[in-house]
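The values are calculated or read from the model by the stated rules, or taken from the named source; none is laboratory data. Not measured: the values here are computed from a predicted model. As a convention, Cβ positions derive from the backbone with ideal geometry for all residues, glycine included, and neighbour counts pool all protein chains shown. Ligands, DNA and RNA are excluded from the accessible area calculation, which covers all protein heavy atoms including side chains. Shrake-Rupley method; radii C 1.70, N 1.55, O 1.52, S 1.80 Å.
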Amino acid sequence: MASTASNTSKVEKTVSLIWGCELSEQNKTFEFKVSDEGKTEHQLALRTICLGDKVKDEFHIVEIVPPEQEGSDAKPVPIATLKPSILPMATMVGIELAPPVTFRLKCGSGPVFISGQHVALEDDYSWAEEEVEEEVEEEEDEDPESPPKAVKRPAASKKAGQAKKKKMDEESSEEDSPVKKGKGAGRGRKPAAKK
């Protein structure tokens, strides 16, 4: 039985979804949380924060509220300050957050739209399944009680290859020689009779 080294490196499959939420006077906070507690790693990459079309001309401040932990004096972090007449939209670059994340509209009546990309990194074990299948096939090949399997051989033999080469040579020599077609081709004119 041939031994195979197992691949212990972690392979991940990326699943990416568009994500968005709306903050307004009625809904000042929104929490991005994931119910999946498995081996999947989640991230939220923010892309834009923009004001709605019917927003009042006032400042709108969006902040991230840190999770409540005992002994932690973490304060909310403002990530955008928008005003329709000055800056109606902000593009976010490099802000990637791990859930749970709480967004809060600290100031303004909204609506404010936050959009991003929800990325899930799932462990991909398909390589492990392929290794198991290969090991099973190897074990079947080494079974002494199983009948030997027929080995496929190429159909072409040396003689067939030589015959094919000879045929190609004949075709090329025919193409090189001048071909005579039609009546009297190649005879030329008869000399005139002497008087």
(request) Kindly provide the set of residues from region 19-67 that are under 32 Å from the mean Cα position of the chain (by Cα) and among the aliphatic types (A, V, I, L, M), ordered by number. (result) VAL34, LEU44, ALA45, LEU46, ILE49, ILE64
(request) Say whether the condition of being touching a Phe, Trp or Tyr at 6+ places or on another chain (Cβ under 9 Å) and among the small types (Gly, Ala, Ser) is met by at least one residue in region 73-87. (result) no
(request) Give the residues of region 71-111 that are small (Gly, Ala, Ser), over 13 Å from LEU46 (Cβ atoms) and open to solvent by less than 40 Å² (accessible area, probe 1.4 Å), sorted by residue number. (result) GLY108, SER109, GLY110
(message) I'd like to know if region 21-34 contains one or more residues that are among the aliphatic types (A, V, I, L, M) and either modelled with pLDDT under 95 or more than 15 Å from SER109 (Cβ to Cβ) (or both).
(response) yes
